[in-house]
Amino acid sequence: MQVQKPSVAYPPHFNKYIELVKNEDLNFILSEQAKEAESFFNAIPAEKWSYKYGEEKWSIKEVVQHITDTERVFGYRALAFSRKDPNIIPSFDENEYTKNSNAGNKDSKDLIEEFLAVRKSDQLLFKGFSEEQLHTTGKASSYEMDVRSVGYMIAGHFAHHITILKERYLG
């Protein structure tokens, strides 16, 4: 299995995510994380899904919805960049997305299923990219990034939030 290294075209504030997975084969890590997510999320006790570790913090439901929403946004960026879309992809406000997600009223099983569906879609998307497409750059907000780096952002963002869930919510 050949290890794919992330490219250098990405905003510096995403480095904290990319550093979590940068030496992993991207297709492998996306697949392994899907397995980890299914097992981990299904093991969360029902009474914990609405838990917040602080007054202004998100619930576990909201964190899982945030992971899914972010993956959707990043997946779209990768798709648009790979297709050489000349448009600048807008940024998104994670707090507004979460506030308006209705996650608190969703069933935890539906949140898990939704995440897994989005992840499967991204796995197939990235698996189908050519080397040329992986190195294609595009612009989101005011930042230039390439497709491969977006894949590492997806994987690193997931890893970051799973660590937070383990340490701050379920520790």
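The values are calculated or read from the model by the stated rules, or taken from the named source; none is laboratory data. Here the structure is a predicted model, which means the values were calculated and not measured. We place every Cβ from the backbone using ideal geometry, glycine too, and count neighbours over all the protein chains shown. Keep in mind that these areas ignore ligands, DNA and RNA; they rest on the heavy atoms of the full protein, side chains included. Shrake-Rupley method; radii C 1.70, N 1.55, O 1.52, S 1.80 Å.
I'd like the accessible area for Ser130, computed on protein heavy atoms only with a 1.4 Å probe and all protein chains in place. Round to 10 Å², please.
The accessible area comes out at roughly 50 Å².
What spacing in nm lies between the two simple spin-label points modelled at Lys139 and Asn15, each 7 Å away from Cα in the Cβ direction?
Here the modelled spin labels are 2.3 nm apart.
FRET efficiency for Tyr51 and Glu96, Cβ-Cβ distance as r, R0 = 25 Å, nearest 0.05?
After rounding to 0.05, the efficiency reads 0.65.
Can you find, among Ser108, Ile67, Ala9, the residue sitting farthest towards the positive end of the charge dipole of the range 1-147, where Lys and Arg contribute +1 and Asp and Glu -1 at Cβ?
It is Ala9.
Label the range 93-133 by shape, choosing from rounded, prolate and oblate, from the square roots a ≥ b ≥ c of the eigenvalues of the Cα gyration tensor; if a/c is under 1.5 it is rounded, and otherwise prolate applies when a/b is larger than b/c, oblate when it is not.
Oblate, because a/c is 1.5 or more while a/b does not exceed b/c.
Restricting things to alpha carbons, tell me how big the range 49-101 is in terms of Rg and Dmax, in Å.
For the range 49-101, the Cα-based Rg and Dmax read 14.0, 43 Å.
What number comes out for the charge environment of Ile112, summing +1 per Lys or Arg and -1 per Asp or Glu over other residues with Cβ under 11 Å away?
Taking every other residue near Ile112 into account, the sum is -1.
Scan the range 56-97 for GluC sites (Glu not before Pro) in coil per DSSP, keeping those whose Cβ has at most 13 other Cβ atoms within 10 Å, and list them by number.
Answer by residue number: Glu56.
Obtain the nm distance between the two label points defined at Ser31 and Glu131 by a simple spin-label model: each point lies 7 Å from its Cα along the Cα-to-C-beta direction.
Here the modelled spin labels are 2.1 nm apart.
What are the residues whose amide H is under 5 Å from the amide H of Ile89, where those residues sit 5 or more places off or on another chain and H is modelled from the backbone?
Lys139, Ala140, Ser141
Sum up the charges of everything whose Cβ sits under 13 Å from the Cβ of Glu38, counting Lys and Arg as +1 and Asp and Glu as -1, but leave Glu38 out.
Overall, the nearby charge balance is 0.
For the range 110-171, just the Cα set please: Rg and Dmax, both in angstrom.
For the range 110-171, the Cα-based Rg and Dmax read 14.4, 43 Å.
Mind giving me the nanometre distance, one decimal, between the label points for Ala43 and Asp110, set 7 Å out from Cα along Cα→Cβ?
2.7
Which value at 222 nm does the chain reach when only helices count, each DSSP H run of 4 or more adding -39,500 (n - 2.57), with the total divided by all residues and rounded to the nearest 500 deg cm²/dmol?
So the calculated ellipticity at 222 nm is -17500 deg cm²/dmol.
If I require 30 Å or longer along the helix axis, counting alpha carbons, and a Kyte-Doolittle average no lower than -1.0, what helices from the chain are left? Use full DSSP H segments.
Both cut-offs are met by 60-82.
Determine the share of the chain's accessible area contributed by carbon and sulfur atoms, expressed in whole percent, with a 1.4 angstrom probe.
On the chain, the fraction of accessible area on carbon and sulfur atoms equals 48 percent.
Before I look further, what does the chain give for accessible area per residue, probe 1.4 Å, in whole square angstrom?
Roughly 52 Å² per residue, with all protein chains present.
List the extent of the Cα atoms of the chain along each of their three principal axes, largest first, rounded to whole Å.
Taking max minus min along each principal axis of the Cα atoms, the chain gives 47, 35, 25 Å.
Working from the alpha-carbon coordinates of the range 15-97, get Rg over Rh, Rh being the Kirkwood radius.
The Rg/Rh ratio comes out at 1.02.
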